[in-house]
1. Does at least one position in the stretch 70-87 carry a residue that is touching a helix residue (DSSP H, G or I) at 6+ places or on another chain (Cβ under 7 Å), open to solvent by 60 Å² or more (accessible area, probe 1.4 Å) and within 18 Å of Leu182 (Cβ to Cβ)?
2. When you look at Ala127, is it open to solvent by 60 Å² or more (accessible area, probe 1.4 Å), more than 23 Å from Ile292 (Cβ to Cβ) and among the small types (Gly, Ala, Ser), yes or no?
3. Identify the single condition in (1) open to solvent by less than 30 Å² (accessible area, probe 1.4 Å); (2) within 15 Å of the ligand (Cβ to nearest atom) that Tyr97 does not satisfy, given that it satisfies every other one.
4. For Ile246, state whether it is open to solvent by 20 Å² or more (accessible area, probe 1.4 Å), touching a residue at least 40 places away in the same chain (Cβ under 8 Å) and assigned to a helix (DSSP H, G or I).
5. Out of the residues in the stretch 67-90 that are more than 21 Å from Leu113 (Cα to Cα) and within 16 Å of the ligand (Cβ to nearest atom), which is farthest from the chain's Cα centre (by Cα)?
6. Do we find that Leu271 is under 30 Å from Arg358 (Cα atoms) and surrounded by 24 or more Cβ atoms within 10 Å (Cβ to Cβ) in this structure?
7. In the stretch 135-150, which residue that is within 11 Å of the ligand (Cβ to nearest atom), open to solvent by 10 Å² or more (accessible area, probe 1.4 Å) and more than 18 Å from Trp174 (Cβ to Cβ) is farthest from the chain's Cα centre (by Cα)?
8. Give the residue that is nearest to Arg181 (Cα to Cα), with candidates limited to residues of the stretch 107-134 that are within 21 Å of the chain's Cα centre (by Cα) and away from the ligand (no atom under 16 Å from the Cβ).
Amino acid sequence: MTAAESIQSPHVDLYSDTLTTPSPEMRAFMADSRVGDEQKGEDPSVNDLTNMASDLLGKEAAVFLPSGTMCNEIALAVHTRPGDEVMADATAHIINYEVGGPAALSGINVRALNGKRGVFSAAQLRAVVRPPSRYAPRTSGVVVEQTSNAGGGTIWPLATMNDVVSVARDHGLWAHMDGARLFNAAVASGVKPQAYAELFDSVFIDLSKGLGAPVGGILAGSHDFIEQAWRLKQRWGGAMRQSGVIAAAGIYALQNNVDRLIDDHANAQHLAENLAMVDGISIIPGEVETNIVLFDVADTGLTAAEFGRRVFSEHGIRVSAFGPTTVRAVTHLDVKSEQLPPAVSAIAETAESALAGR
Ligand SMILES: *Cc1c(COP(=O)(O)O)cnc(C)c1O
């Protein structure tokens with residue numbers, strides 16, 4: 001994506017669910033919010049939001065942070081000591097998209113496990129837990145990403161999660177959930193967010209993805225954990241002032257935008273089923289479980305980047321290049337079902353013309 005391309009606005013934007021913009025109703029709710037000094041614990045909207053989130057997740061306490069990345073990085077810093085080793089899937093956000101934060105901020109190794117579409121097994125975890133040794137890093141904890149973003153929106157089944165966390169507990173490890181899209185998993189599976197969350201010491205949820213708020217994440221855990229997280233929020237410059245204005249967007253999102261995630265999933269399924277019928281495109285619709293659609297364009301002879309550029313410049317539809325020949329399309333609050341047929345046609349025409357030109 002060049003700067004020039006990103007300035008024009010696409011007709012249909014399937015780039016990411018981070019693109020959702022606050023609706024007029026959400027903005028009105030934000031404008032009406034009561035505020036105070038968050039750092040002093042005096043912002044009523046922030047307090048309402050963190051109470052709502054800790055209830056939803058079944059945790060003692062929660063802290064509001066400016067981003068999901070800060071939620072993950074603070075959780076890792078609280079749970080570890082420099083030299084520790086943490087286990088995560090090779091596709092994990094903490095490994096690939098947090099600028100080396102675990103190493104830079106906490107001085108820890110993150111060991112990559114090769115799961116299936118972002119989901120690893122209890123046996124895989126057990127195999128890499130190190131026995132205590134003077135020479136080895138100390139295996140300290142495990143991170144599970146629900147849903148797996150780079151795995152393609154994959155849902156960790158509750159039973160798999162339970163088995164993985166049981167292995168962690170057998171070895172005295174802590175467990176953190178990167179629940180950026182936990183509500184997508186909950187809505188799609190029918191399992192309560194709390195049922196997933198209760199397995200973990202700490203859980204983060206993102207407000208600025210499919211839930212449609214402009215800013216923010218929430219990190220939840222025990223009173224003691226949140227007390228320590230607050231110290232890092234302050235130290236790392238994440239403590240805000242009248243942040244009730246943005247916390248209100250989170251309240252609105254939790255009240256209004258959770259159940260509707262099911263529409264995003266239906267749209268993603270529709271997209272996947274239609275793309276599966278297009279020559280040159282490889283996709284297994286059954287693997288599309290939530291709002292993320294990954295498809296392969298190798299057979300068209302184009303790279304994912306070339307494919308994405310053509311779909312955008314010729315049809316005004318934006319997708320993203322996710323791997324050398326893997327394209328990602330994400331459905332969200334601001335993608336309406338009537339926008340899907342033109343998106344499918346654009347992708348099909350791009351594939352057809354590429355195949356014709358081979
Ligand atoms: C987006 C995302 C994050 C980070 O959230 P930001 O609010 O963008 O910092 C963490 N984990 C996963 C799986 C994500 O998709």
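1. No: zero hits.
2. So Ala127 fits the description; yes.
3. (1)
4. yes
5. Ile74
6. yes
7. So, considering only residues that are within 11 Å of the ligand (Cβ to nearest atom), open to solvent by 10 Å² or more (accessible area, probe 1.4 Å) and more than 18 Å from Trp174 (Cβ to Cβ), the one farthest from the chain's Cα centre (by Cα) is Ala150.
8. The qualifying residue nearest to Arg181 (Cα to Cα) is Lys116.
The values are calculated or read from the model by the stated rules, or taken from the named source; none is laboratory data. Every value quoted in this text rests on a predicted model; they were computed, and no experiment measured them. Don't worry about glycine lacking a Cβ; one is built from the backbone with ideal geometry, like all the others, and counts go over all protein chains shown. The accessibility values were calculated without ligands, DNA or RNA, using every heavy atom of the protein model including side chains. Shrake-Rupley method; radii C 1.70, N 1.55, O 1.52, S 1.80 Å.
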